[in-house]
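Input: a single structure, listed below in structure tokens.
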């Protein structure tokens, strides 16, 4: 009697990440094929969890990537295609449609990738969204700027984090920026700048039901850290606080209405000076900057591993159940460092649970049953990090990790 065929996942990633996803998929009995870039060939991937490891040159066209994957498919029958990095989501969506493999197609993927599409979708779903406009018709832009007070933010539609964002103070500044962009300008949007505290909400969704939510607040807005330099901090907030209750409710209604069926999301909201919460963006991926590690230390929930479990359970027509979670609190402090391997050993609070190992970065993750203790330590450590480690660098055009 023949053995049942093992399911096979094709995972695509332009960056080195997703190790827990790969390990979990293999642990559940799936064959895993990883496709990444040539420059990551010698990275520390979990090779023991991979059936096959393939690389390709950077900068391939969509047609060339399609040819690469369909060539692999001649000898590997893929049951699911998973983009581990945000910059591979559109490629994976195209491949699913081209190869008729279940999962998010290109239109739905745009709701979680294209910042213009997601704003239209979030607004349609009832969320409060800062005033925005696509860069298409110049008469429409003039009318919009006459009616919406500045300053404004000129944002690329398909970048991650705060990369590529420009603050625009007056119309003439916008026209100069658009002249610089040339034919690329339609890939940007203009949005009213709303000052306030920025939060991120990290979630697990199964069959349109938000089963897990972690609400955190950045110490400084990511755009400020990216463009002006500084120390990045984030911390999970007191689960009984009004802001957590409000954002849990907003996010729990919004993400399914935007079309998310199953997987993980990383959303950002701003608490404006008018007291209201505005939608900023949402991605169908695990949050970067070691956010998933912070969530794991606080709750015991590994977002990467749970994402794999959801994908495989659905593939096997099995229901997904969220593991039991802890209710501790955690936060992180991270900065670009002047030295390649900064020494953080002088920081020795018992709440330190992880020292972040990243080239030219200093970072710590803290955990405590008391959210106020995490907040106090992060405020103290961020000041010390700025004095002892902090380096600055030009804002990259693309993510570096």
Residue-normalised 222 nm signal for the chain, counting each DSSP H run of n ≥ 4 as -39,500 (n - 2.57), nearest 500 deg cm²/dmol, is -10000 deg cm²/dmol
Estimated inter-spin distance, residue 63 and residue 386, nm [label 7 Å along Cα→Cβ]: 5.2 nm
Just need the relative contact order of the chain here, percent rounded to a whole number, with Cα pairs under 8 Å and 6+ apart. 14 percent
Under 8 Å for C-alpha pairs, at least 6 residues apart: give me the relative contact order for segment 131-192, rounded to a whole percent. 52 percent
Along the Cα→Cβ direction, 7 angstrom out, place labels at residue 101 and residue 143. What is the inter-label distance in nm? 4.5 nm
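Would you mind ranking 375, 155, 39 by Cβ crowding within 10 Å, fewest neighbours first?
Sorted ascending by nearby Cβ count, the order is 39, 375, 155.
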Subtracting the Cα-Cα distance of residue 319 and residue 48 from 0.36 nm times their residue separation yields 94.8 nm
Rh (Kirkwood; distinct C-alpha pairs) - segment 118-190, Å: 12.9 Å
Quick one: grab Rg to one decimal and Dmax as a whole number for segment 8-106, Cα atoms only, in Å. 12.3, 33
Rounded to whole Å, sorted largest first: equivalent-ellipsoid semi-axes of segment 249-401, Cα gyration tensor: 30, 19, 18
Counting other beta carbons within 10 Å of each residue's own, what order do 91, 55 fall into, fewest first? 55, 91
Below 8 Å between Cα atoms, with a sequence gap of 6+, how large is the relative contact order for segment 8-106 in percent? 32 percent
In terms of the alpha carbon gyration tensor, root eigenvalues a ≥ b ≥ c, rounded if a/c is under 1.5 and otherwise prolate when a/b exceeds b/c or oblate, the chain is rounded
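Each reported figure results from applying straightforward, stated rules to the coordinates on display, with no laboratory input. Just so it is clear, the structure is predicted and the values come from calculations on it, not from any experiment. In this analysis, Cβ positions are derived from the backbone assuming ideal geometry, glycine residues included, and neighbour counts consider all displayed protein chains.
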